[in-house]
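To start, the structure under review is shown below, and the notes come after it.
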Amino acid sequence: MKKLQTSRRKLLSLAGGLATLTACAKKETPTELGKPLSKYGDRSPHETSVRTLPPADSPTPSTGSSRTPLQDSYGIITPSSLHFERHHSGVPDIDPAKHQLLLHGLVNQPLMYTLDDLKHFPSVSRIHFVECSGNGRSEYSAALGSTPQASHGLASCSEWTGVPVSALLKEAGLHPDAKWIIAEGADPCHLTRSIPIAKIMDDALLVYAQNGEPLRPEQGYPLRLLLPGYEGNTNIKWLRRMMASAEPAMTTHETAYYTDLLPDGKARQFSLDLEAKSVITRPSGGQKLTYGPGAYEITGLAWSGRGKIARVEISTDNGKTWKDAEMQQPVFGKAFTRFRLMWNWDGQATSIRSRATDETGYLQPTGDELADARGRNYGYHNNQIKTWFVKADGSISHDEHV
Ligand SMILES: Nc1nc2c(c(=O)[nH]1)N[C@H]1C(S)=C(S)[C@@H](COP(=O)(O)O)O[C@H]1N2
Ligand SMILES: [Mo]
């Protein structure tokens, strides 16, 4: 910040500026004009925040994930162009006019829906996060995530528009023996997951729009299953089939993957609800407190798959004491919640961290608490408290020693 001086000379030049503006308004002095109107907007060329990609020489470029730059985000909505991606066999190119959804199995009347059929139903719009169960995996290992993007970037939050799945099931007539819905994607790997019927009837949505426009191809265009608060993998993109069944299908993605090996050697299956989590996004790893000792806003994101965030606390003294952060209102259930707290940095080395409590009373665990319960299995569903280390020179790192 530069200090501005109000001198007589400044005031005179200000007056000169005003005269020029008035002249411009009168079109007396044609100057170089700006760019004309455009049909579809783009961000300023000065903005460079992007998703991180796997190495360019990956032998399997159609599988993998890209991460949202959470450290650059404002508020709670992720721009669609920066929503994280996780594809198991690439993004299919689907013609919405030809796409259909089959609903069959334990129903009285199997049905086939076009996109137009689905848009004919009363619609709902809801704000929810999507998070991959692999998000936070870095925190199990010694190579901790060095920025919010690296540690927590497999999570994003959008406004989704579509139809409650329950509306379709009412139309098809669900058989009393139906306890699961087996949902299948139209991508080459036909990703398939079994979803408990209670979840489907509670708040499952078939979404065709994201942040006010049709879904992005990367997010499942033209149709996706959106299961608020459930692990990302179950949110089947490019959805083409739902089969009502008495039993889960035991597919690859609910047996070989996305299960949690526990310390006693058994594996936990169907870890569907994502537990409360938070991360400070600014100031965070890779950034610097460039204004020296003084006041800084600490801000970040918290979310829970079990409902609303009830409280976010921040510690700026290595976890010794905690202060309540302010939460941006309104707070939505199973959505990103933006939190903020003013902090007066005294110029000493310290560490900062946040912890979230959700409306069920569940408190985000420390790394040690998580390891006691689950072991250090380098697997999925890591929601431990994330710490950023601040050095006396103001630089911030994910690691005390770096
Ligand atoms: N059909 C299909 N659905 C899918 C996937 C996929 O590869 N194919 N990936 C899943 C995984 S593992 C995650 S984490 C989320 C990612 O959603 P996004 O790419 O919109 O962020 O979609 C899920 N749904
Ligand atoms: Mo995932």
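The values are calculated or read from the model by the stated rules, or taken from the named source; none is laboratory data. These numbers come from a predicted model, not from an experiment. Virtual Cβ from ideal backbone geometry, glycine too; neighbours counted across all protein chains shown.
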Please count how many residues of segment 302-322 are β-branched (Val, Ile, Thr) and part of a loop (DSSP other than H, G, I, E, B). 2
Is it the case that Asp317 is in contact with an Asp or Glu (Cβ under 9 Å, 6 or more places away or on another chain), acidic (Asp, Glu) and more than 25 Å from Val130 (Cβ to Cβ)? no
Look at segment 271-309 and say how many of its residues are aromatic (Phe, Trp, Tyr) and touching a strand residue (DSSP E or B) at 6+ places or on another chain (Cβ under 8 Å). 2
Among (1) more than 17 Å from Gly229 (Cα to Cα); (2) in contact with a strand residue (DSSP E or B) (Cβ under 9 Å, 6 or more places away or on another chain), the one test that Pro196 misses: (1)
For segment 89-134, enumerate the residues that are within 16 Å of ligand 2 (Cβ to nearest atom), among the hydroxyl-bearing types (Ser, Thr, Tyr) and touching a strand residue (DSSP E or B) at 6+ places or on another chain (Cβ under 7 Å). none
I need the full set of residues from segment 151-198 which are within 16 Å of ligand 2 (Cβ to nearest atom), in contact with a helix residue (DSSP H, G or I) (Cβ under 9 Å, 6 or more places away or on another chain), not in a loop (DSSP other than H, G, I, E, B) and not polar (S, T, N, Q), in order please. His152, Ala155, Ala183, Arg193, Ile195
Apart from one, (1) in contact (Cβ under 8 Å) with a residue 40 or more places away in the chain; (2) within 16 Å of ligand 2 (Cβ to nearest atom) all hold for Gly220; the odd one out is (1)
Count - residues of segment 163-201 that are of a type in the set (A, V, I, L, M) and either modelled with pLDDT under 95 or near ligand 1 (Cβ under 10 Å from one of its atoms) (or both): 3
Restricting the search to segment 57-79, which residues are assigned to a loop (DSSP other than H, G, I, E, B), at pLDDT 95 or above and near ligand 1 (Cβ under 9 Å from one of its atoms)? Thr68
Residue selected from segment 80-99 under the condition exposed (fewer than 14 other Cβ atoms within 10 Å of the Cβ) and within 16 Å of ligand 1 (Cβ to nearest atom), by the criterion farthest from His190 (Cα to Cα): Ser81
Evaluation of Ala204 against (1) within 10 Å of ligand 1 (Cβ to nearest atom); (2) in contact with a Leu (Cβ under 7 Å, 6 or more places away or on another chain) (one fails), failing number: (1)
Would you pick out the residues in segment 206-221 that are closer than 16 Å to Ser156 by Cβ and of a type in the set (A, V, I, L, M, F, W, C)? Val207, Ala209, Leu215
